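The values are calculated or read from the model by the stated rules, or taken from the named source; none is laboratory data. All of these numbers come straight from a predicted model, not from anything done at the bench. Reconstructed Cβ throughout: ideal geometry from the backbone, glycine too, with neighbour counts over all protein chains shown. Note: areas computed on protein heavy atoms with side chains; ligands, DNA, RNA excluded. Shrake-Rupley method; radii C 1.70, N 1.55, O 1.52, S 1.80 Å.
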Amino acid sequence: MTEKKQSSFEKVGYTKQLPTNADIRDYESILVKNNDGKLTTLYRKIVEKRKFDDTTNFNESWDVFNSLL
């Protein structure tokens, strides 16, 4: 009895098929070569990642500045 394992790409959100009525521009795609040489296209929804750094947290920076005076 062989058990099909979930690939590492599927664990991070890639799927083999797009959902119905999905816009292709909202998805990123990669080509993966299987062990038998076949190419498979995998898709993942593009997510806007919010970059956060210490310069955006002005209140904390202001408190640190005032504490050093």
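Within region 33-61, the set of residues being touching a helix residue (DSSP H, G or I) at 6+ places or on another chain (Cβ under 8 Å), open to solvent by 100 Å² or more (accessible area, probe 1.4 Å) and either within 13 Å of Glu10 (Cα to Cα) or modelled with pLDDT of 90 or more (or both) comprises just one member, Lys45.
For region 13-32, a residue qualifies if it is within 12 Å of Ile46 (Cβ to Cβ), of a type outside the set (Lys, Arg) and exposed (fewer than 10 other Cβ atoms within 10 Å of the Cβ), and the qualifying residues are Asp23, Ile24.
Of the residues making up region 3-22, those that are under 17 Å from Asn34 (Cβ atoms) and among the small types (Gly, Ala, Ser) number 2.
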